[in-house]
Amino acid sequence: DDVWGNYPLSHRWNVDQVPLPFILRQSTTMAPRGADRVHVALPSASLAKRQATLQILVRGDGRKCKLAIIFRGQGNISDRERRMLEAIDIDVYWQKKAWADPALTRSWLARTMAAAIKDSPGEHLLTCDNLAGQDVRAYLFST
């Protein structure tokens, strides 16, 4: 590209994670007005652990990218919950601690990232944190 060099904006990507707690404040409970049932969140030791992580992929030219969410656990959920997750436009992953470890990162690359670049031939640049779980070099060069 005459302006951007080897990687035009459409081929530059960044991925990062954001902790996603389900309870932001433990002093109040929110429910829709007129709700017949209200689930009251009680403080517990497990709230100190991450419940989920939102993994955000951003493309240099601003095109919308698919989000991914990493839930804590192994995915042992009801059929109803599974159908609800399938109905939303977000890739769902499961990991013991809701982190982007090496195995999860490889799955994310093969699914979410691969889908994002499938209609854009050529080399792409992906920047990410220098965490051990995000060392994508071996994966990218072996494919």
Give just the number: which of (1) modelled with pLDDT under 90; (2) surrounded by 16 or more Cβ atoms within 10 Å (Cβ to Cβ) does G73 not satisfy?
(2)
Among the residues of the range 96-114, are any touching a residue at least 24 places away in the same chain (Cβ under 8 Å), closer than 22 Å to P8 by Cα, of a type in the set (D, E, K, R) and out of contact with any Lys or Arg (no Cβ under 6 Å at 6 or more places or on another chain)?
no
Which numbered condition W108 misses (of (1) open to solvent by less than 60 Å² (accessible area, probe 1.4 Å); (2) modelled with pLDDT under 90):
(2)
Is at least one residue of the range 38-46 in a helix (DSSP H, G or I) and at pLDDT below 85?
yes
Exactly one of these conditions fails for D89: (1) of a type in the set (D, E, K, R); (2) more than 18 Å from the chain's Cα centre (by Cα); (3) closer than 27 Å to D129 by Cα; (4) at pLDDT below 90. Give me its number.
(2)
Would you tally the residues in the range 1-23 being touching an Asp or Glu at 6+ places or on another chain (Cβ under 8 Å), open to solvent by less than 70 Å² (accessible area, probe 1.4 Å) and assigned to a loop (DSSP other than H, G, I, E, B)?
2
Just name the residue that is nearest to the chain's Cα centre (by Cα) out of those in the range 55-70 that are open to solvent by 60 Å² or more (accessible area, probe 1.4 Å) and among the charged types (D, E, K, R).
K66
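The values are calculated or read from the model by the stated rules, or taken from the named source; none is laboratory data. Because the structure is predicted, anything quoted here is derived from the model rather than measured. Glycine gets a Cβ as well: all are built from the backbone with ideal geometry, and neighbour counts include every protein chain shown. Please note that ligands, DNA and RNA were not included when accessible areas were found on the heavy atoms of the full protein model with its side chains. Shrake-Rupley method; radii C 1.70, N 1.55, O 1.52, S 1.80 Å.
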